[in-house]
Structure formats: structure tokens, C-alpha cells
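The values are calculated or read from the model by the stated rules, or taken from the named source; none is laboratory data. The model shown is predicted, which means the values in this text are computed figures rather than measured ones. Heads up, the Cβs are rebuilt from the backbone with ideal geometry, glycines too, and the neighbour counts pull from every protein chain shown.
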Amino acid sequence: MQFIKPGPPPQRQKSEKVEIRVARSLCEVEALREPWSAWPGHRDSDIDFHLMKLQSDPEVVRPHVIALYQSGKPQAVLVGRLERKASLDLHEALPLGQESLAGPSGQARTEDCAEE
């Protein structure tokens, strides 16, 4: 998992609402495209690379992208995915690598994100 957010955390006014949302489907991840693409990052944090990995890796169960919203606008995302793994692999996780945890079975599917 990688944290994508340039610079210091935004200053919050007392009246601003802060919430956490978790994107668990390809459509929910796609809904984050505009702000996600505006943030600089590594190849592994690119939204198109992440979506390609979700759809092409048979070990991937589903996306798990945690987004911090402030006053209804995404301010930061923690990019992750659930994968089918037989073991816990943390040696690559620190400080900026990827973390793999055992998870449920299944596979991310191609979804039609068009609103009806």
C-alpha cells in the first residue's frame, strides 16, 4: 500500500466535515480518478496501473482504497487491494513497499460504471 499526498496535511476549519470512505469496487475506484490523477506519485500509485493490476492479476479479489474527504472533497488516498495469498509478506511493506495479507477468495471483475 502507498500513501499518496503531496505536502503537509490540509488545515481544517472547525465547521468542515471530515469523513473516511472505502472504495471496494472498480466503479468506486474510478470515481476517484480526477483527484487521484492530480496528485503526483510513483508508477505503482497511478490509477490506471492500479486498475490494470486489479483486473489482470488472478490473485486480486477486489480493490480496497481508503479516501479521506474534507468538506466533500478527497484530500488523500491509501491505495490497496485484497489478494488471495497463502502467507503474510511484510518484508516489502516498509517503508514504502507493498503489503500482502491473506484474504478472502474471489476475483475483481470488470464492471459497467455507467450510471443508469
**Prompt:** Of all residues in the range 37-52, how many are assigned to a helix (DSSP H, G or I) and either at pLDDT 90 or above or aromatic (Phe, Trp, Tyr) (or both)?
**Reply:** 5
**Asked** Under 7 Å by Cβ, and 6 or more places apart or on different chains, what pairs join a residue from the range 74-96 that is farther than 24 Å from residue 34 by Cα with one that is modelled with pLDDT of 55 or more?
**Response** 83/59; 83/60; 83/61; 84/59; 84/61; 85/59
**Request:** For the range 99-114, state whether one or more residues are in a loop (DSSP other than H, G, I, E, B), at pLDDT below 70 and among the β-branched types (Val, Ile, Thr).
**Result:** yes
**Request:** Filter the range 60-83 for residues that are in a loop (DSSP other than H, G, I, E, B) and either among the aromatic types (Phe, Trp, Tyr) or crowded, with 16+ Cβ neighbours inside 10 Å (or both) and give the result.
**Result:** 64, 80
**Request:** Output the number of residues of the range 36-56 satisfying the condition of being touching a residue at least 40 places away in the same chain (Cβ under 8 Å) and either closer than 14 Å to residue 83 by Cα or surrounded by 14 or more Cβ atoms within 10 Å (Cβ to Cβ) (or both).
**Result:** 5
**Message:** Given (1) modelled with pLDDT under 85; (2) within 15 Å of the chain's Cα centre (by Cα); (3) basic (Lys, Arg), identify the lone condition not met by residue 85.
**Reply:** (2)
